[in-house]
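The values are calculated or read from the model by the stated rules, or taken from the named source; none is laboratory data. Since the model is a prediction, treat every value here as computed from it, not as a measurement. Cβ atoms come from the backbone with ideal geometry, glycine included; neighbour counts cover every protein chain shown.
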Amino acid sequence: MTTILISGAGIAGLTLAHWLRRHGMAPTLVERSPSPRDGGYKVDIRGAALDVVERMGLLDDVRAHSTDIGRGTIVDAAGRSVASMDGDTFGGRDHDDVELRRGDLTQLLRGAAAGVECRWGDSVVALAEAGDGVEVVFARGDTRRFDYVIGADGVHSATRTLVFDEPDAFHDLGYRVAVVAVPNDLGLDREEVTYVAPGRTALVYSTAQSTKATAMFLFADDRPIPADPKRLVREVYADQGWELPRLLGHVERADEVYLDALAQVHLARWSVGRVGLVGDAAYCASTASGQGTSMAIVGGYVLAGELATGGGLAGYERAMREFARRNQALASPNLSRMVLGSVRQVRTALTMLSVLGRLPGRDRLAALAIRPIHRAANAIELRDYASEVAR
Ligand SMILES: Cc1cc2nc3c(=O)[nH]c(=O)nc-3n(C[C@H](O)[C@H](O)[C@H](O)COP(=O)(O)OP(=O)(O)OC[C@H]3O[C@@H](n4cnc5c(N)ncnc54)[C@H](O)[C@@H]3O)c2cc1C
């Protein structure tokens with residue numbers, strides 16, 4: 001039986017583990033985190049990824065965990081509502097797409113990969129190809145041999161650093177994102193409120209799953225990620241209007257603030273010998289694409305299918321490259337709408353949104369605006385690998 005080590009039990013890694021096992025292979029997961037993490041920020045599943053989730057038998061469960069956000073509002077510095085629209089339009093989703101919390105999705109994916117060995121709180125520290133396999137040394141000290149090793153360890157992939165000689169693969173887009181759980185002071189009921197100021201956006205949302213709210217800060221900044229994320233958020237959002245002073249107080253008192261760069265990964269190739277990459281590790285498109293989760297799901301499905309049907313790592317890359325390219329291309333235009341550069345741009349955008357929000361054909365206009373993301377989300381023909389393997 002083909003043995004495959006997957007580094008990272010995130011979205012790509014768990015999807016891959018499910019499909020490898022289903023195709024008759026023997027996956028093992030190794031996850032740095034000592035235990036699964038719940039909740040977290042919200043992510044979208046669209047297009048081809050919905051087909052994969054359906055083929056995994058998870059679509060109903062995924063829908064049952066929808067954040068159910070029904071309304072999105074944009075406010076000005078004084079907190080006045082400038083535009084308000086239904087939650088799907090606001091989030092760039094059509095009616096089939098699902099938004100759910102990352103932790104809820106990984107919990108469902110763990111269920112779909114139940115029984116697969118997972119080494120929690122461990123990681124790969126060294127690996128080397130030996131004959132027709134890969135020798136792996138784990139942080140815990142033991143050594144094992146696998147037929148393939150796949151890095152599904154996210155945008156800062158250690159597998160990529162260990163094996164791929166492409167130091168320029170990580171492209172910092174010059175923006176930072178911070179996420180923190182906050183009390184629901186605004187009394188939001190499955191809704192999202194966004195504040196826009198030059199170079200910085202802040203939003204707060206509440207989901208069907210939690211009495212707490214989540215605040216997300218997205219801002220232009222290209223300095224190295226500091227050790228103290230709270231200080232950076234405080235500095236960037238000082239002297240801002242709306243609820244920002246109160247939100248900064250919550251940031252200050254929070255147990256945990258997630259902060260990272262918005263980045264993309266561009267590699268000349270996604271595998272070296274018997275070591276491959278999938279998900280953000282191979283082709284991160286950044287939060288701004290809104291497609292990272294769907295790309296991770298599709299990548300796990302295609303990689304397992306190609307390994308099972310003889311296409312191998314090269315077949316996987318051939319099948320996925322164009323899909324990844326199309327989705328990565330969404331980030332830059334999205335970013336220029338999500339974070340506005342100047343006072344004038346903010347003023348113009350708020351005026352336009354306010355006018356658009358009152359036009360009779362606003363739903364049609366909104367549908368036009370989300371067309372590019374849906375084209376990209378569907379820009380791959382999924383083979384029915386399970387039937388091919390069964391034949
Ligand atoms: C704030 C924020 C908001 C986002 N919003 C959206 C959105 O709205 N829509 C969307 O589609 N996407 C969104 N994304 C992107 C999405 O979360 C990622 O693209 C997606 O999770 C990628 O999946 P992955 O499995 O490749 O990587 P990850 O989900 O990052 O999983 C990687 C896993 O590897 C583990 N790991 C890391 N290093 C090691 C190591 N050395 N050894 C072992 N394990 C390791 C990690 O602990 C983690 O479990 C957002 C991301 C962020 C940060």
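Take the conditions buried (at least 21 other Cβ atoms within 10 Å of the Cβ), more than 13 Å from the ligand (Cβ to nearest atom) and modelled with pLDDT under 95 and apply them to residue 69. Does it pass? So residue 69 does not fit the description; no. With respect to residue 189, is the statement that it is farther than 24 Å from residue 334 by Cβ, modelled with pLDDT under 95 and either surrounded by fewer than 17 Cβ atoms within 10 Å (Cβ to Cβ) or in contact with a Lys or Arg (Cβ under 9 Å, 6 or more places away or on another chain) (or both) true? When the stated conditions are applied, residue 189 passes them.
Just the residues that are near the ligand (Cβ under 7 Å from one of its atoms) and not in a loop (DSSP other than H, G, I, E, B), please, taken from the range 277-288. Passing the criteria: 280, 281, 287.
So if I check each of 227, 238, 215, which one is closer than 20 Å to residue 194 by Cα and in a loop (DSSP other than H, G, I, E, B)? Criteria check complete, one pass: 238. Is it the case that some residue within the range 134-151 is within 30 Å of residue 253 (Cα to Cα) and at pLDDT 95 or above? There is no residue in the range 134-151 that is within 30 Å of residue 253 (Cα to Cα) and at pLDDT 95 or above. Residue count for the range 157-185 satisfying the condition of being assigned to a loop (DSSP other than H, G, I, E, B) and buried (at least 18 other Cβ atoms within 10 Å of the Cβ): 3. Looking across the range 143-162, just one residue is away from the ligand (no atom under 11 Å from the Cβ), within 16 Å of residue 31 (Cβ to Cβ) and of a type outside the set (A, V, I, L, M, F, W, C), and that is 144. The condition of being within 20 Å of residue 136 (Cα to Cα), in contact with a helix residue (DSSP H, G or I) (Cβ under 9 Å, 6 or more places away or on another chain) and within 13 Å of the ligand (Cβ to nearest atom) holds for only one of 8, 40, 47, that being 8. For the range 343-361, which residues satisfy the criterion of being more than 10 Å from residue 82 (Cα to Cα) and either in contact with a His (Cβ under 7 Å, 6 or more places away or on another chain) or exposed (fewer than 12 other Cβ atoms within 10 Å of the Cβ) (or both)? Hits for the range 343-361 are 343, 344, 358, 359, 360, 361.
What residue, among those in the range 50-66 that are in contact with a Phe, Trp or Tyr (Cβ under 9 Å, 6 or more places away or on another chain) and within 16 Å of the ligand (Cβ to nearest atom), is farthest from residue 381 (Cα to Cα)? Among residues in the range 50-66 that are in contact with a Phe, Trp or Tyr (Cβ under 9 Å, 6 or more places away or on another chain) and within 16 Å of the ligand (Cβ to nearest atom), the one farthest from residue 381 (Cα to Cα) is 56. Residues that are within 26 Å of residue 386 (Cα to Cα) and not acidic (Asp, Glu) number at least 3 in the following helices (runs of 4 or more DSSP H) confined to the range 307-356: 312-328. Residue 308 meets each of the listed conditions (1) within 16 Å of the ligand (Cβ to nearest atom); (2) modelled with pLDDT of 90 or more apart from (1). Scanning the range 119-156 for residues that are in a strand (DSSP E or B) and crowded, with 21+ Cβ neighbours inside 10 Å returns 124, 127, 134, 136, 146, 148, 149, 150, 151. Residues in the range 11-37 that are surrounded by fewer than 19 Cβ atoms within 10 Å (Cβ to Cβ), within 12 Å of the ligand (Cβ to nearest atom) and among the small types (Gly, Ala, Ser): 33, 35. The single condition among (1) more than 20 Å from residue 287 (Cβ to Cβ); (2) within 16 Å of the ligand (Cβ to nearest atom) that residue 92 does not satisfy is (1).
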